C-alpha cells in the first residue's frame with residue numbers, strides 16, 4: 001500500500017527538465033522493481049533509499065544546513081522510515097532537526113532527485129522527494145548540532161555551489177515556477 005502511495009507522489013511531480021524527467025523515471029522503475037525503498041540500517045543498507053527533503057522558504061531565500069557527514073550545504077531532511085509516508089517523514093524531520101511544526105506550502109513534493117552521496121558516508125544513492133515548508137528568516141531556529149555545523153538562509157546567488165547539494169540551482173528554478181502557478 002505505501003509503495004503505491006509513494007509511486008503516486010512521484011507521478012504527481014511535473015519535471016522541470018530532462019534531468020528531472022530521468023530522475024523521475026529512474027525512481028518509478030525502482031519502485032516497480034520491488035526493491036526495498038527505505039534505509040534499514042546506516043549508512044547504506046540498501047544502497048539506494050528514499051529521502052524526504054523539507055526546504056524552508058521565506059520569499060526568495062531558502063534555509064540550508066552545513067551537514068557534518070555530507071560535508072555540504074544541504075536542505076534539511078532525512079531518511080524515510082519503513083512504512084512511513086514521505087510527507088510524514090518531512091514533517092517528522094522538521095520537528096527533529098529544527099524543532100518546528102511544519103507548514104507545507106504544497107501538499108506534494110515539487111522536485112525529485114536521484115543523487116550519489118558524498119562525504120563521510122559516501123557511495124550510496126539517495127532518491128529525494130523535495131517538499132516545501134514555510135519558514136521565517138526572523139525566527140531563531142534551534143538545530144541538531146550532532147548533524148549540522150550550522151544553518152543559514154541563502155539567496156540563489158549566495159549559495160556556495162561547489163559545496164552544496166548539486167541540484168539546488170535547479171530546485172530554485174522549480175520553486176519559482178511553483179510559486180508562479182500558485183501565486184505565492
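Working carefully through the options 96, 84, find the one that is over 23 Å from residue 163 (Cβ atoms), in contact (Cβ under 8 Å) with a residue 24 or more places away in the chain and part of a helix (DSSP H, G or I). If you could, list the steps in order and put the result at the bottom.
Details: 84 fails: part of a helix (DSSP H, G or I).
None of the others qualify; the one that does is 96.
Report, by residue number, each residue of region 123-166 that is assigned to a loop (DSSP other than H, G, I, E, B) and under 22 Å from residue 45 (Cβ atoms). Talk me through it step by step, then tell me what you get.
Of all residues in region 123-166, those assigned to a loop (DSSP other than H, G, I, E, B) come to 123-124, 135-147, 159-160, 165-166.
Of everything in region 123-166, those that are assigned to a loop (DSSP other than H, G, I, E, B) and under 22 Å from residue 45 (Cβ atoms) turn out to be 123, 124, 146, 147.
Kindly provide the set of residues from region 102-118 that are under 15 Å from residue 132 (Cβ atoms) and free of Cβ contacts under 8 Å to residues at least 24 places away in the same chain, ordered by number. Spell out the reasoning first.
Initially, region 102-118 is screened for residues under 15 Å from residue 132 (Cβ atoms), giving 102-113.
The answer is 107, and nothing else.
Suppose we filter 16, 120 for residues that are loosely packed, with under 14 Cβ neighbours inside 10 Å and either modelled with pLDDT under 95 or in a loop (DSSP other than H, G, I, E, B) (or both); which single one remains?
On the way: 16 fails: loosely packed, with under 14 Cβ neighbours inside 10 Å.
Just one listed residue meets the conditions, 120.
How many residues are touching a strand residue (DSSP E or B) at 6+ places or on another chain (Cβ under 7 Å) and farther than 10 Å from residue 51 by Cβ if we restrict to region 78-113?
Looking only at that region, the number is 13.
Which one of these does residue 77 not meet: (1) assigned to a strand (DSSP E or B); (2) at negative phi; (3) in contact with a helix residue (DSSP H, G or I) (Cβ under 6 Å, 6 or more places away or on another chain)?
(2)
Which residue is farthest from residue 68 (Cα to Cα), if the candidates are limited to region 155-169 and must be surrounded by fewer than 17 Cβ atoms within 10 Å (Cβ to Cβ) and touching a strand residue (DSSP E or B) at 6+ places or on another chain (Cβ under 8 Å)? If you could, list the steps in order and put the result at the bottom.
Step one: list which residues in region 155-169 are surrounded by fewer than 17 Cβ atoms within 10 Å (Cβ to Cβ), which gives 155-158, 160-163, 166, 169.
From what is left, the residues that are touching a strand residue (DSSP E or B) at 6+ places or on another chain (Cβ under 8 Å) are 155, 160, 163, 166.
Values: 155: 22, 160: 16, 163: 12, 166: 17 Å.
My answer is 155.
Taking the residues in region 22-55 that are in a helix (DSSP H, G or I) and in contact with a strand residue (DSSP E or B) (Cβ under 7 Å, 6 or more places away or on another chain) as candidates, determine which candidate is surrounded by the most Cβ atoms within 10 Å (Cβ to Cβ).
To start, the set of residues in region 22-55 that are in a helix (DSSP H, G or I) comprises 22-32.
Filter again for in contact with a strand residue (DSSP E or B) (Cβ under 7 Å, 6 or more places away or on another chain), leaving 23-24, 26-27, 30.
On the way: 23: 22, 24: 19, 26: 16, 27: 25, 30: 18.
So the residue we want is 27.
The values are calculated or read from the model by the stated rules, or taken from the named source; none is laboratory data. Values in this document were obtained by computation on a predicted structure and should not be read as measured data. Glycine gets a Cβ as well: all are built from the backbone with ideal geometry, and neighbour counts include every protein chain shown.
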